[in-house]
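The values are calculated or read from the model by the stated rules, or taken from the named source; none is laboratory data. Only a predicted model underlies this, so the values are computations on that prediction, with no experimental measurement involved. Methodologically, a virtual Cβ is constructed for each residue, glycine included, from the backbone with ideal geometry; neighbour enumeration extends over all protein chains shown.
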Amino acid sequence: MKILVVDDEPNIRGMLKVALEAEGCQVAAAAALAPARNLLKKESFEVAFVDARLKDESGLELLESSDGVRPDTAVVMMTAYATIEGAVAAMRAGAFDYLPKPFKPDDVRLVLGRVERMRGLSRRVSDLEDRLASEIPEIAQGEDPRASGVETQAKRVAATDAAVLIRGESGAGKGVLARAIHDWSRRSSGPFVTVSCPSLSHELLESTLFGHVKGAFTGAIADVDGKVAAAQGGTLFLDEIGDLPLELQPKLLRFLQDRQYERLGETRVRTADVRLVSATNQDLETAVAHGRFRQDLFFRVSVVELAPPPLRERSDRLSIAEQLLAFFARQLAKPLAGFSSEAAQAVLAYSWPGNLRELRNAVERAAIFATGKQVGLEDLPDRVTRALPGIAPNEPAQLGGPFTLHELESEHIRRVLASAPSLEHAATILGVDPSTLYRKRRQLGL
């Protein structure tokens, strides 16, 4: 874990640094709010130990100000003047825990354990939210022959334990198809576990997949089982497997061949009964030719290949949009009865580079803004309405055009979010922290 300590007493900063580093944590320290804010601007911290009283300053300001700690940082308030009122004030401001002074190293370890459990629960909630969000398009059953053919093939392979590789553009429904294969299989009562390969570093991805033991790397303060163990008896879905680091590929290959693996930092051999489904928007054959992907692993993960068509090639996109609209209308309790003729023409004319994900977002937005009984042209995003001949509500922001930096930034963020598989992936493309992108998204109303 990366931890920030903010305290105006040198002995407290020193004691905490020694105790935390003994647990394998990386520690940065500050004696006042100004240097603490500078550190927070430069780095991301998982935990912050903050003194409630810093000479003439209040540590609560780091929780209450816009340039303070990130929302996902667990803040532990420390004080030598522990009162119930002070604890309540800290918790209301967003603190994770309250640590009265003086405290012992054992107290610090207990707090770190609670933080680790909280982060584990947060990850599980995030996975569940991603699953629920990705399942929305499943209500839309189209009649496109090519898509129906892929569904028929998926149902056949679901009855086996063969490894499946799903190819296709971002947002084309690869994750939805992977989940459907699990639900149609004999493993449907078991877990469906997703790992996004591009969103994690090599070390974190290996730990996420196979788990680790305490002390395996800096910040590993407890034994953790990986996603392979969590998927026991079910399905492991590796999203964007083309981004799997080359150093990690032999370990995945061994697991697929022998069902054996070791947790990071451990020599004990473990086994797991897991079915693998993978997805990619990359040309893996080219990656193999260039040495970025092992050929033997490619053959292992692609026993059966499925390729859902991009939305622009589907003949049933208006039908899908209407079913999505009915779903969101029920969610919003609005009596919407489809699209106007102009809006329907725009849905058919637009190329939908973000595929089903972009369509879902556009329809949800239209359902929110619609004031009549139907979704009109004015309710759809400008990029969709511009697809109609002779319709140009707003010119797209282009480099060198008469547009402000704000308009260019907004358009670029919209397009990246429409095509990226996750907020974390979009943040990586844009070169910003996920929390920064989250705030930008809220500011732009996306």
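Let me confirm something: among ALA367, ALA387, ALA397, ALA426, which residue is modelled with pLDDT under 85, aliphatic (A, V, I, L, M) and part of a helix (DSSP H, G or I)?
Answer to the check: ALA426.
Any chance you could count how many residues in region 219-234 are under 20 Å from the mean Cα position of the chain (by Cα) and assigned to a loop (DSSP other than H, G, I, E, B)?
Summing the residues that are under 20 Å from the mean Cα position of the chain (by Cα) and assigned to a loop (DSSP other than H, G, I, E, B) in region 219-234 gives 2.
As an exercise: evaluate GLY265 against (1) more than 30 Å from TYR350 (Cα to Cα); (2) of a type outside the set (Lys, Arg); (3) not assigned by TED's automatic domain parsing to the domain that holds SER207 and give the number of the one condition it does not meet.
(3)
Only residues that are among the small types (Gly, Ala, Ser), without any contact (Cβ under 8 Å) to a residue 40 or more places away in the chain and closer than 18 Å to GLU143 by Cα: list them for region 311-337, please.
Within region 311-337, just ALA326 meets the criteria.
Which of the residues spanning region 164-212 are at positive phi and in a loop (DSSP other than H, G, I, E, B)?
GLY168, GLY171, GLY173
Would you be able to say whether some residue in region 82-93 is surrounded by fewer than 17 Cβ atoms within 10 Å (Cβ to Cβ) and within 21 Å of PRO434 (Cα to Cα)?
Among the residues of region 82-93, not one is surrounded by fewer than 17 Cβ atoms within 10 Å (Cβ to Cβ) and within 21 Å of PRO434 (Cα to Cα), which makes the answer no.
So how many residues does region 110-165 have that are at pLDDT 75 or above and more than 25 Å from GLY219 (Cα to Cα)?
23
Applying the selection to region 200-218, what residues are of a type in the set (Gly, Ala, Ser) and surrounded by fewer than 18 Cβ atoms within 10 Å (Cβ to Cβ)?
The answer is SER201, GLY215.
Got a sec? Which of VAL301, VAL277, VAL288 is touching a His at 6+ places or on another chain (Cβ under 8 Å), modelled with pLDDT of 95 or more and surrounded by 15 or more Cβ atoms within 10 Å (Cβ to Cβ)?
VAL277
For a quick check of your reading of the model, give me the residue pairs whose first member lies in region 236-249 and is part of a loop (DSSP other than H, G, I, E, B), whose second is β-branched (Val, Ile, Thr), with beta-carbon atoms closer than 8 Å and at least 6 apart or on different chains.
Listed by first residue and then by second, the contacts come to GLU240/THR280.
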